[in-house]
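Notes follow once the structure below has been shown.
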Amino acid sequence: MRKENVKMILFPIIVVAMVVGIWIAAFSGKDAITPATVEQAEAILKENGLASFDMTGEYQQSWQAEKFLKHALICEDGDFQFEFFLFDSDGNAEYVRKALQSAIKEKGYAAPNKEAYEAGANYVLYWLKAEGIYTVDMRVGNTLVYAYCQEEDAGRLKQFMAELGYFEK
């Protein structure tokens, strides 16, 4: 009788251990992306002939984010806008990403449009193509990229994101 009790106790423990093992294997960073540094973002823009500006103070003030926004790097080139932010935590970066995503949606882009949402181990990506504008809102760890351009320049934006390591090449 004792062996049967041990088997009845061990079986659920083994099943739970297997489920936990599978969950850990599936979500242990298999699709994690290494967050870029401000220096990397700045170098990529410079290599592509674009000037970037440190707008940290301005964004800290306008967002009242002195305590959690560590760096804001902005690049404007006509209709091409690329913004790279570094925050003190993943949570604060995600909070701002969600706010930017809401702002994108509130602009009232008319149909037809295409949008996608994707999330992985340490990133969240939202993009929208509407009315000739391609917009990306992506958090990787404690960094955030908010960028937009004319749809015909989407390849250029995707190239920058790939060079950062945020999109596949």
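The values are calculated or read from the model by the stated rules, or taken from the named source; none is laboratory data. Nothing here was measured: the structure is a model prediction, and the numbers come from that model. Because the Cβ atoms are built from the backbone with ideal geometry, glycine has one as well, and the counts that use them run over all protein chains shown.
Of the residues 139, 97, 156, the single one that is buried (at least 21 other Cβ atoms within 10 Å of the Cβ) and in a helix (DSSP H, G or I) is 97.
Could you please give the count of residues in the stretch 117-147 that are over 10 Å from the mean Cα position of the chain (by Cα) and at pLDDT 95 or above? Spell out how you get there, then give the answer.
Just the residues of the stretch 117-147 that are over 10 Å from the mean Cα position of the chain (by Cα), to begin with: 117, 121, 127-135, 147.
Narrowing further to those that are at pLDDT 95 or above: 147.
Of the residues in the stretch 117-147, 1 are over 10 Å from the mean Cα position of the chain (by Cα) and at pLDDT 95 or above.
Among the residues of the stretch 100-133, the ones that are aliphatic (A, V, I, L, M) and part of a strand (DSSP E or B) come to 7 in all. Put simply, of 164, 144, 128 the only residue that is in contact with a Lys or Arg (Cβ under 9 Å, 6 or more places away or on another chain), surrounded by 21 or more Cβ atoms within 10 Å (Cβ to Cβ) and closer than 21 Å to residue 39 by Cβ is 144. What do you reckon, is residue 103 at pLDDT below 90, within 23 Å of residue 64 (Cβ to Cβ) and out of contact with any Phe, Trp or Tyr (no Cβ under 8 Å at 6 or more places or on another chain)? Yes; evaluated as a whole, the condition is true for this residue.
Across the stretch 106-116, the number of residues qualifying as among the aliphatic types (A, V, I, L, M) and either modelled with pLDDT under 85 or not assigned by TED's automatic domain parsing to the domain that holds residue 91 (or both) comes to 2. Evaluation of residue 61 against the conditions (1) assigned to a strand (DSSP E or B); (2) without any contact (Cβ under 8 Å) to a residue 12 or more places away in the chain shows that the sole unmet condition is (1).
Only one of the numbered conditions (1) loosely packed, with under 14 Cβ neighbours inside 10 Å; (2) touching an Asp or Glu at 6+ places or on another chain (Cβ under 6 Å); (3) among the hydrophobic types (A, V, I, L, M, F, W, C) is violated by residue 68, and that is (1). The sole residue among 50, 10, 73 that is at pLDDT below 95 and surrounded by 13 or more Cβ atoms within 10 Å (Cβ to Cβ) is 50.
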